[in-house]
Amino acid sequence: METLTQTTDLLGLDREQLAATLAPILDRPFRVEQIYQALYARAVPDLSGMTDLSKDLRAKLAERFHIGLPEITERRLASDGTCKYLFKLHDGATIEAVDIPDRGRRTFCISSQAGCALACSFCVTGYWGAGRNLTAGEIVGQVLAIRADRGLPMEGLNIVFMGMGEPLHNLSNVKAALDILTEWISPHRITVSTVGILPGLEEMAAWERRPNLAISLHAADDAQRSGIMPINRTWPLADLMAVLRRYPLEKGRKITIEYILIRDLNDSVRDADRLVRLLSGLRAKVNLIPINPDRVLGDRMVPPDDETVDRFQERLRQKGLIATVRRRRGDDVSAACGQLRAFGRDPRGVRARTGAR
Ligand code: SAH
């Protein structure tokens, strides 16, 4: 471990990069594939665990390389089985990810940035301020670290980029991570969630293997949306909708529209009707999310009562939209969406001397 800072991290490298990086050391080309499989398919946490390589080769590798898995510094298991992880990265930055078992399904919610610059008024990550982009290795590393911790294979997992950060502000690293993950996980089982950064969406539209797309809409009117999501002033609804209408979708696929319901702000029948009009002609399904309140967000950021949620959902359905309501998971460990944050931090990422909770 002492040599960690002097050695090169192998995590995040694709096959070609791995081959080029290891070329000076490897005796046979097929070793690249062995190491690639050990890194990603088997989630081996350190080079000594690559037992299909000779001891000699493992020692030689360890002199120059390491596997930079994020370090688990905290693990909180909720009563519903949801488990929230706090990871520390090599530079001390902290990020969170959540493992969500749900009947036969298993979903990992992972982060793309250590913080977020978007400052949406309902989001705890935004409240804490911007942070750096994660590398491809740090993105894939979250998946591998949880798998290693839980003893899970890559196959069968669902991945959602709904943790900390805006994935389209870190698109090249997200893409590099997806290129690795999609060797084992179908892109149909991966969802990238975004506020709708238009150049990023245009870029994704040109990808050969596209993950599912989820758009954090939250309001169907520019004034309302700009009031809670500053990014709407840069990319207003009409432009966003124009890009979404052109976005290529495979047969049977739909864009997920995320709509956080906030009491007395965007939860009226009139708001529902506006949403129906905005989405008309778009192949979309709506996921309604009663806001998860948090004390840093203030008293106005609270969910509507159940009847209002039902009425909103019913209105969308009557007008022919597919609309579901997202169940809250991991409440007792603050793992609910939008509440991912590092403990013990002050706003804007300044480290507090005493914990913030
Ligand atoms: N930046 C991306 C991905 C991270 S947020 C995005 O905005 O889509 C993932 C989802 O959690 C988004 O739909 C976001 O709007 C939602 N979210 C944020 N804060 C929330 C809160 N307090 N309650 C419920 N959902 C929240």
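Inspect all residues belonging to segment 16-28 and state whether any of them is open to solvent by 10 Å² or more (accessible area, probe 1.4 Å), closer than 17 Å to residue 139 by Cβ, assigned to a helix (DSSP H, G or I) and out of contact with any Asp or Glu (no Cβ under 9 Å at 6 or more places or on another chain).
Yes.
Return the residues of segment 205-222 that are among the small types (Gly, Ala, Ser) and either part of a strand (DSSP E or B) or touching a Ser or Thr at 6+ places or on another chain (Cβ under 8 Å) (or both); say none if nothing qualifies.
Selection gives 214, 216.
When the residues of segment 31-73 are narrowed to those that are acidic (Asp, Glu) and over 26 Å from the mean Cα position of the chain (by Cα), which ends up farthest from residue 8 (Cα to Cα)?
Going through the qualifying residues, I end up with 52.
Out of 147, 106, which single residue is more than 14 Å from the ligand (Cβ to nearest atom) and either in a strand (DSSP E or B) or open to solvent by 60 Å² or more (accessible area, probe 1.4 Å) (or both)?
106
Taking segment 257-296 only, how many residues are open to solvent by less than 30 Å² (accessible area, probe 1.4 Å) and assigned to a strand (DSSP E or B)?
11
Out of all the residues in segment 109-127, which are more than 9 Å from the ligand (Cβ to nearest atom) and either surrounded by 23 or more Cβ atoms within 10 Å (Cβ to Cβ) or among the small types (Gly, Ala, Ser) (or both)?
Selection gives 110, 114, 115, 117, 119, 121.
When segment 303-333 is examined, which residues are found to be farther than 16 Å from residue 259 by Cβ and crowded, with 18+ Cβ neighbours inside 10 Å?
Selection gives 329, 330, 333.
Would you confirm whether any residue within segment 64-77 is assigned to a helix (DSSP H, G or I) and either more than 24 Å from residue 192 (Cα to Cα) or open to solvent by 60 Å² or more (accessible area, probe 1.4 Å) (or both)?
yes
Could you identify the single residue in 329, 283 that is more than 16 Å from the ligand (Cβ to nearest atom) and either out of contact with any Phe, Trp or Tyr (no Cβ under 6 Å at 6 or more places or on another chain) or modelled with pLDDT under 95 (or both)?
283
Quick check on my filter: what residues within segment 179-195 are out of contact with any Leu (no Cβ under 6 Å at 6 or more places or on another chain) and more than 15 Å from the ligand (Cβ to nearest atom)?
179, 180, 181, 182, 183, 184, 186, 187, 188, 189
Enumerate the pairs (first residue in segment 218-230 and at positive phi; second residue anywhere and aromatic (Phe, Trp, Tyr) and not in a helix (DSSP H, G or I)) with beta-carbon separation below 7 Å, excluding pairs fewer than 6 apart on the same chain, so at least 6 apart or on different chains.
From segment 218-230, the pairs are 218/259.
The values are calculated or read from the model by the stated rules, or taken from the named source; none is laboratory data. Worth saying up front: this structure is predicted, and the values here are computed from it rather than measured. Positions of Cβ are backbone-derived with ideal geometry, glycine not excepted, and every protein chain shown enters the neighbour counts. The area values use the complete protein model at the heavy-atom level, side chains included, leaving out ligands, DNA and RNA. Shrake-Rupley method; radii C 1.70, N 1.55, O 1.52, S 1.80 Å.
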